[in-house]
Each structure stands twice: as C-alpha cells, then as structure tokens.
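The values are calculated or read from the model by the stated rules, or taken from the named source; none is laboratory data. Here the structure is a predicted model, which means the values were calculated and not measured. Virtual Cβ from ideal backbone geometry, glycine too; neighbours counted across all protein chains shown.
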Amino acid sequence: MAEAPREYDKPATVGNAGSAAWLHMGVRPGLMDNSDKPALANCTSVGLAPGKTFFDFGFLAPRILAAIARVAKQSEKLPQSANAKHAVRVAMRDDGLSGLHQQSSRIPASFGNSGIERGTKP
C-alpha cells in the first residue's frame, strides 16, 4: 500500500488563488549505517515505476572495461552483458527527481568555474 504524503512532502500554499509552490531550504542528511563511506560507481541503470524512479549504481572492474574497449576496437562481437558489483540503489519520488535534475544541471557550470575539466584528475 502506498505511503500517505507527509506534511513536509506537500507543497506550501502561496497567495490567495490557492496556487502551490515548493519551498527551498538547506537539508543536512544524517548518517546511517555505512552512508559516510562513498560508493564508487562507474555504471548506472535507471528503472521506472509509477511515481518513482530507481537508480542502480554499479562498479565494473577496470580490467573488464579495458577488455570491452579492446574487443570494440578490434570490431569483434561485444558480450551481451557484463556483471558489475552492485554499489547502491536509490529510489526517488517524482518531485525528488525534479530537484535532482535542477541540481545536476548546475554541475557543468561548476566545472567551468573551478578550472577543473571533466574527465581529468585533480
């Protein structure tokens, strides 16, 4: 059964016409279990369900990536699949996905401002 929206998940009503707008504020998530340890991922998979999006982040060993690149360069048939180590799964509601999109769209601009080029090591 679907979880009922909590008060803080709902948009705040603004103005007399009853139009809704989202409030923006800084949030500092607390740590859980091993959440303070970053999960290294170099491959992703996205799945959709009604009202939710699932992101699976995985890790393919560098030797596997090198082998795939070598086979592709030699114009040989690529394997149908490769096994990656599952790093983490994130489920987001549609409103959270919208916020992620807004935040991630600012990432390229931050690379330009920091002097770091995408794809290079700092």
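Tell me, which residue of region 53-86 that is closer than 15 Å to residue 42 by Cα and under 12 Å from the mean Cα position of the chain (by Cα) is surrounded by the most Cβ atoms within 10 Å (Cβ to Cβ)?
My answer is 58.
Could you list, ordered by first residue, the pairs with Cβ atoms under 7 Å in which the first is in region 31-43 and closer than 25 Å to residue 82 by Cα and the second is among the small types (Gly, Ala, Ser) and modelled with pLDDT of 75 or more, at least 6 apart or interchain?
39/87; 40/87; 41/58; 41/87; 43/58; 43/84
Hey, could you check region 7-33 for residues that are over 15 Å from residue 90 (Cβ atoms), surrounded by fewer than 10 Cβ atoms within 10 Å (Cβ to Cβ) and modelled with pLDDT of 55 or more and say which is farthest from the chain's Cα centre (by Cα)?
Checked region 7-33; the qualifying residue farthest from the chain's Cα centre (by Cα) is 23.
Where residues in region 56-95 are outside any loop (DSSP other than H, G, I, E, B) and in contact with a helix residue (DSSP H, G or I) (Cβ under 9 Å, 6 or more places away or on another chain), which of them is modelled with the lowest pLDDT? Walk me through it before giving the result.
Going residue by residue through region 56-95, those that are outside any loop (DSSP other than H, G, I, E, B) are 56-59, 62-73, 85-95.
Among the residues that remain, those that are also in contact with a helix residue (DSSP H, G or I) (Cβ under 9 Å, 6 or more places away or on another chain) are: 92-93, 95.
Values: 92: 92, 93: 91, 95: 85.
Applying the filter and picking the extreme gives 95.
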